[in-house]
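The values are calculated or read from the model by the stated rules, or taken from the named source; none is laboratory data. If you're wondering where the values come from, they're calculated on a predicted model, not measured in any experiment. Positions of Cβ are backbone-derived with ideal geometry, glycine not excepted, and every protein chain shown enters the neighbour counts. All accessible areas refer to the heavy atoms of the entire protein, side chains included, with ligands and DNA or RNA removed. Shrake-Rupley method; radii C 1.70, N 1.55, O 1.52, S 1.80 Å.
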Amino acid sequence: MLNIRFFVAWILGALLMYSAFYLWHGLISTDFYRVQYPKGIFLGLAAVVYLIISFVLYKVFELKLWEKITTNLFLKGALSGAIIGFILFAFTLVIGVGFSGSYSVKILLVDLIWQIIEQSIGGMVVALAHLFIFAPHFEED
(Lines give C-alpha, C1' and ligand atoms only; values in the text may rest on other atoms or scores of the structure.)
Protein backbone atom coordinates (compact mmCIF):
# COMPACT_ATOMS: atom_id res chain seq x y z
CA MET A 1 0.00 0.00 0.00
CA LEU A 2 2.72 2.52 0.90
CA ASN A 3 4.20 3.09 -2.52
CA ILE A 4 4.77 6.05 -4.81
CA ARG A 5 1.33 5.59 -6.42
CA PHE A 6 -0.36 5.90 -3.03
CA PHE A 7 1.58 9.01 -1.99
CA VAL A 8 1.08 10.81 -5.31
CA ALA A 9 -2.64 9.99 -5.40
CA TRP A 10 -3.11 10.84 -1.73
CA ILE A 11 -1.35 14.22 -1.76
CA LEU A 12 -2.50 15.38 -5.21
CA GLY A 13 -6.05 14.25 -4.50
CA ALA A 14 -6.09 16.17 -1.22
CA LEU A 15 -4.62 19.27 -2.90
CA LEU A 16 -7.12 19.28 -5.74
CA MET A 17 -10.12 18.62 -3.49
CA TYR A 18 -8.93 21.33 -1.08
CA SER A 19 -8.49 23.72 -4.01
CA ALA A 20 -12.01 22.93 -5.23
CA PHE A 21 -13.29 23.46 -1.66
CA TYR A 22 -11.53 26.83 -1.47
CA LEU A 23 -12.75 27.85 -4.93
CA TRP A 24 -16.36 27.04 -4.10
CA HIS A 25 -16.63 28.22 -0.50
CA GLY A 26 -14.03 30.98 -0.56
CA LEU A 27 -14.42 32.58 -3.96
CA ILE A 28 -17.71 31.60 -5.58
CA SER A 29 -20.11 31.45 -2.62
CA THR A 30 -18.03 33.55 -0.17
CA ASP A 31 -18.97 31.25 2.71
CA PHE A 32 -15.70 31.95 4.51
CA TYR A 33 -17.06 35.32 5.65
CA ARG A 34 -19.43 33.43 7.97
CA VAL A 35 -16.65 31.57 9.80
CA GLN A 36 -16.70 32.80 13.41
CA TYR A 37 -13.11 31.89 14.38
CA PRO A 38 -9.70 32.67 12.84
CA LYS A 39 -9.62 31.72 9.16
CA GLY A 40 -6.08 30.35 9.48
CA ILE A 41 -7.20 27.77 12.02
CA PHE A 42 -10.23 26.90 9.90
CA LEU A 43 -8.21 26.48 6.70
CA GLY A 44 -5.48 24.52 8.48
CA LEU A 45 -7.96 22.08 9.99
CA ALA A 46 -9.72 21.83 6.62
CA ALA A 47 -6.39 20.83 5.05
CA VAL A 48 -6.01 18.04 7.61
CA VAL A 49 -9.57 16.90 6.91
CA TYR A 50 -8.87 16.79 3.18
CA LEU A 51 -5.79 14.65 3.78
CA ILE A 52 -8.03 12.22 5.68
CA ILE A 53 -10.72 12.33 2.97
CA SER A 54 -8.12 11.65 0.30
CA PHE A 55 -6.73 8.70 2.26
CA VAL A 56 -10.21 7.19 2.69
CA LEU A 57 -10.98 7.83 -0.98
CA TYR A 58 -7.85 5.93 -2.00
CA LYS A 59 -8.86 3.00 0.21
CA VAL A 60 -12.40 2.95 -1.24
CA PHE A 61 -10.94 3.00 -4.77
CA GLU A 62 -8.75 0.00 -3.88
CA LEU A 63 -11.64 -2.14 -2.60
CA LYS A 64 -11.91 -5.59 -4.20
CA LEU A 65 -15.66 -4.94 -4.56
CA TRP A 66 -14.96 -2.87 -7.68
CA GLU A 67 -13.71 -5.95 -9.55
CA LYS A 68 -17.32 -7.21 -9.60
CA ILE A 69 -18.69 -3.85 -10.79
CA THR A 70 -16.21 -2.41 -13.28
CA THR A 71 -12.60 -2.53 -14.37
CA ASN A 72 -12.69 1.02 -15.79
CA LEU A 73 -10.35 3.10 -13.63
CA PHE A 74 -12.15 6.37 -14.25
CA LEU A 75 -15.57 4.93 -13.47
CA LYS A 76 -14.12 3.47 -10.26
CA GLY A 77 -12.66 6.90 -9.41
CA ALA A 78 -15.89 8.75 -10.15
CA LEU A 79 -18.04 6.27 -8.23
CA SER A 80 -15.62 6.18 -5.29
CA GLY A 81 -15.68 9.98 -5.18
CA ALA A 82 -19.46 10.11 -5.48
CA ILE A 83 -19.88 7.66 -2.60
CA ILE A 84 -17.45 9.56 -0.37
CA GLY A 85 -19.04 12.88 -1.39
CA PHE A 86 -22.53 11.69 -0.49
CA ILE A 87 -21.36 10.28 2.84
CA LEU A 88 -19.55 13.53 3.70
CA PHE A 89 -22.58 15.59 2.73
CA ALA A 90 -24.88 13.44 4.88
CA PHE A 91 -22.43 13.49 7.79
CA THR A 92 -21.97 17.26 7.77
CA LEU A 93 -25.71 17.81 7.41
CA VAL A 94 -26.57 15.52 10.33
CA ILE A 95 -24.01 16.98 12.74
CA GLY A 96 -24.79 20.54 11.65
CA VAL A 97 -21.41 21.50 10.26
CA GLY A 98 -21.93 23.89 7.41
CA PHE A 99 -21.89 27.47 6.28
CA SER A 100 -25.58 28.00 5.63
CA GLY A 101 -28.04 28.89 8.34
CA SER A 102 -30.98 28.04 6.11
CA TYR A 103 -31.43 24.66 4.55
CA SER A 104 -33.80 24.94 1.62
CA VAL A 105 -34.05 21.98 -0.71
CA LYS A 106 -32.37 24.02 -3.45
CA ILE A 107 -29.36 24.88 -1.26
CA LEU A 108 -29.07 21.30 -0.04
CA LEU A 109 -29.19 19.96 -3.61
CA VAL A 110 -26.52 22.40 -4.79
CA ASP A 111 -24.31 21.50 -1.81
CA LEU A 112 -24.80 17.78 -2.43
CA ILE A 113 -23.93 18.09 -6.13
CA TRP A 114 -20.84 20.17 -5.35
CA GLN A 115 -19.67 17.73 -2.66
CA ILE A 116 -19.98 14.85 -5.11
CA ILE A 117 -18.11 16.80 -7.81
CA GLU A 118 -15.38 17.77 -5.35
CA GLN A 119 -14.74 14.21 -4.19
CA SER A 120 -15.04 12.86 -7.73
CA ILE A 121 -12.13 15.13 -8.65
CA GLY A 122 -10.13 13.30 -6.00
CA GLY A 123 -11.32 9.97 -7.41
CA MET A 124 -10.09 10.98 -10.87
CA VAL A 125 -6.67 11.81 -9.40
CA VAL A 126 -6.52 8.33 -7.85
CA ALA A 127 -7.52 6.80 -11.19
CA LEU A 128 -4.85 8.81 -13.04
CA ALA A 129 -2.23 7.73 -10.51
CA HIS A 130 -3.22 4.09 -11.09
CA LEU A 131 -2.99 4.61 -14.84
CA PHE A 132 0.35 6.42 -15.00
CA ILE A 133 2.35 5.31 -11.96
CA PHE A 134 3.72 1.80 -11.94
CA ALA A 135 3.66 0.13 -8.54
CA PRO A 136 4.27 -3.62 -8.69
CA HIS A 137 2.38 -5.85 -6.29
CA PHE A 138 4.39 -8.55 -4.61
CA GLU A 139 2.52 -11.71 -3.83
CA GLU A 140 3.16 -13.30 -0.48
CA ASP A 141 3.83 -17.03 -0.42
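Miscellaneous remarks
- C-alpha long axis of helix 39-61 to longest principal axis of the chain, angle in °: 30 degrees
- Estimated [θ] at 222 nm from DSSP helical runs (n ≥ 4, -39500 (n - 2.57)) normalised by residues in the chain, nearest 500: -23500 deg cm²/dmol
- Heavy-atom surface of the chain, accessible at 1.4 Å and reported per residue (Å²): 63 Å²
- Restricting region 1-109 to trypsin sites (Lys or Arg not before Pro) in coil, as DSSP defines it, with at most 11 other Cβ within 10 Å: Lys64
- Using distinct alpha-carbon pairs, which all enter the 1/r mean, Kirkwood radius of the chain in Å: 16.0 Å
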